[in-house]
Structures are given as structure tokens and as C-alpha cells.
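Asker: Handing you a structure now.
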Amino acid sequence: MRKLKLQVQITADGFVAGPNGELDWMTWKWDDPLTKFVNQLTDTSDTILLGRKMTDGFIGHWEKVKPESPEYAFAKKMVDTQKIVFSKTVKTVNGNNVRVENGDLVAAIDKLKAGAGKDIIVYGGAGFVTSMINHDLIDELNLFINPATIGSGLRIFSGRKNLKLLCSATYGCGIVVNTYGIGE
């Protein structure tokens, strides 16, 4: 069975975005070991899940990266990888390798996880990830804890969850990645 893995940037005080979706607290000057870890997460997955609200920014960003950019190799992975957008309001989304899923979240995820292929990775947005966590759909949480606090904003945890720490790594850029299993 395929694993569903979450990769999310989060503040030290537990927010994934500011009150109005601000992301200015994120650390983007990653060191080589963190970049290698992100590439490993990406390379072991063949499907990306996105909530509708995050889709335009995500797809728009990666599809606009030019070949001369240092981000190009990673951007090409993001563009070439199958993306499934979960939405109750739209039927189509523009972009390469994108399809929209309008059905029941739990049934759709269970079907994806039971299918053939590599693991599945979810990047967000906050409400979508919260729904997945609340339905116990995510098998592995990779929380990229940034060295910042913002005091208020959007969270992905809406209640109590028992987590099992699988590993933790500190990176020179100040990010700590804690990898957890849920309900262990």
C-alpha cells in the first residue's frame, strides 16, 4: 500500500500561514542536506495532492520557472509529476499533469493509496490538510519547523492527535524537520 506523506512548512508556534495567508516567515535559504531531503521525499512519490485554494499559486510558481534558474530541476519534477486537486467547486484546473477530484475525500484517498505506484505527497493548503488529518488519511507528517513565531494564523491541527516521532533532523539554515507517524 502506498503511503500518504505530508510535507509542510510550519512555525515554531504551530502555524502554517499568517492570519491572511502570509508566508513571509518561511526560511528559503536551505542548505544542501535539507535540499537533498526534500528531493528524496519528492523522488519517492509519484503523485502530489493539493487543495483547491493552494493550487493556482503552486502550479503557477513551478510552471513559470525558467531553465536558467537554479530551481529548474526541482520545478521540472513538480510540473512533470501527476497532481490531483481536491475541490467541491471546480471541475477543471489549468496546468500540466493536473486532474480534479470532486468525490468523497476519504474514498478517493483510500483508492489512491490502494493503487499501484510510489508514495503520495500532500503539500496543502491548511484546510485541506486539516481535513486529511482529521480523517486519519496521512501516514507520515514531515513538519519543517521554521525558526520563527508569528503569534496567530492558520493551523493544520484542530484537535488532539497522538504522534510517534520517527526521526528528527536539524539543518544549518535553522529548520528542524520532525517526521511523525499518526496514531502510533
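Asker: Can you tell me which residue within the range 144-184, out of those that are polar (S, T, N, Q) and out of contact with any Ser or Thr (no Cβ under 6 Å at 6 or more places or on another chain), is nearest to G21 (Cα to Cα)?
Answerer: My answer is S152.
Asker: With respect to the numbered conditions (1) within 21 Å of L141 (Cα to Cα); (2) assigned to a helix (DSSP H, G or I); (3) free of Cβ contacts under 8 Å to residues at least 24 places away in the same chain; (4) of a type in the set (F, W, Y), which one is the sole condition not fulfilled by W62?
Answerer: (1)
Asker: A further question on this structure: If you scan the range 19-58, which residues turn out to be polar (S, T, N, Q) and out of contact with any strand residue (DSSP E or B) (no Cβ under 8 Å at 6 or more places or on another chain)?
Answerer: Correct list: N20, T35, N39, Q40.
Asker: Looking at T35, T44, which is the one that is touching a residue at least 60 places away in the same chain (Cβ under 8 Å) and exposed (fewer than 14 other Cβ atoms within 10 Å of the Cβ)?
Answerer: T44
Asker: Please go through the range 71-114 and give me each residue that is charged (D, E, K, R) and closer than 22 Å to N39 by Cα, ordered by number.
Answerer: E71, K76, K77, D80, K83, K113, listed by residue number.
Asker: Take the residues in the range 102-148 that are part of a helix (DSSP H, G or I) and charged (D, E, K, R), then tell me which one is nearest to the chain's Cα centre (by Cα).
Answerer: K113
Asker: Is there any pair with a first residue in the range 118-133 that is free of Cβ contacts under 8 Å to residues at least 24 places away in the same chain and over 16 Å from A17 (Cα atoms) and a second that is among the aromatic types (F, W, Y) and assigned to a strand (DSSP E or B) whose Cβ atoms are under 9 Å apart and which are 6 or more apart or on different chains, and what are they?
Answerer: Every condition considered, no pair remains.
Asker: Give the residue, chosen from V38, V79, that is under 26 Å from T130 (Cα atoms) and under 13 Å from the mean Cα position of the chain (by Cα).
Answerer: Selected residue: V38, the only one of V38, V79 that is under 26 Å from T130 (Cα atoms) and under 13 Å from the mean Cα position of the chain (by Cα).
None of the figures in this text is laboratory data; all of them are computed from the coordinates on show. This structure is a prediction, so every number in the text was calculated from the model and none was measured. Virtual Cβ from ideal backbone geometry, glycine too; neighbours counted across all protein chains shown.
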